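The values are calculated or read from the model by the stated rules, or taken from the named source; none is laboratory data. Note that the coordinates shown come from a computational prediction; the quantities given were computed from them, not determined experimentally. Heads up, the Cβs are rebuilt from the backbone with ideal geometry, glycines too, and the neighbour counts pull from every protein chain shown. With ligands, DNA and RNA removed, areas are computed over all heavy atoms of the protein, side chains included. Shrake-Rupley method; radii C 1.70, N 1.55, O 1.52, S 1.80 Å.
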Amino acid sequence: MSNLDRHIAEFRKDIAAERYEVGPEHIALKKGSVLIRGFYHEGIKGKPESFRLHRNLLVTEGINYILGAALGTATKISAWYIAPFSGSAAPAANWTASNFASNATEITSTSEGFTEVTRQQASFGTPAAGVLNNYSSKAAFTIECSTTLNILGAGLLSSNTRGGTTGTLASAVKFSSARVLADGDVWQAGYQVELADS
């Protein structure tokens, strides 16, 4: 039995009593004994030197889902999708699936954006050592633009509809600098979530 397994009953009580802390990049349960945090890993296919790692913001809607699905009675969401955006707004805790597209200025054009019809799926593997990611099968977006396309960030959502307003927003990130892409580039994005006994 792991350290985390031994504390499940305590975590449930702490969640019910709202005894947890939310930071810009993590959730801390039981006064910091457990941290949940996420990262985006993105770059251009075929150019490994282009990939960058970005710590995300776990939004309130996402935090509530994670806590509810892991330790509560919330129904597990079976598929998650990555949505790139071009807006300059920094993600905020009150972002949700219903306001993500407008707040972030989600990229929805197929002529000045990407050719795929939907947000692309983040196909997660099996958790190991407290880590879950889709790095072996990153979401891929085929860029179509007249000159260049700037991606300033991304979100992880449960709906695959471009510009959609339903479902759950788990997290969002604004990159430290724009990802500048050319016509024909394939932009890849992975997401990793970690649960650590600190």
Scoring only Lys, Arg, Asp and Glu (+1, +1, -1, -1) among other residues with Cβ under 14 Å from the Cβ of Glu106 yields +1
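How much accessible area per residue does the stretch 54-182 have, in Å², with a 1.4 Å probe? The partial results should precede the final answer.
Numbers: 5540 Å² over 129 residues.
Accessible area per residue, the stretch 54-182: 43 Å².
Give me the percent of the accessible area of the stretch 30-153 that comes from carbon and sulfur atoms, probe 1.4 Å, all protein chains in place.
Roughly 53 percent of what the probe reaches on the stretch 30-153 is carbon or sulfur.
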Find how many whole Å separate the alpha carbon centroid of the stretch 62-96 from the alpha carbon centroid of the stretch 126-146.
16 Å
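Shape of the stretch 93-169 from its Cα gyration tensor (a ≥ b ≥ c, root eigenvalues): rounded if a/c is under 1.5, otherwise prolate when a/b > b/c, or oblate? Kindly include the intermediate steps, with their values, before the conclusion.
On the way: a/c = 2.13, a/b = 1.31, b/c = 1.62.
Note, shape of the stretch 93-169 comes out oblate.
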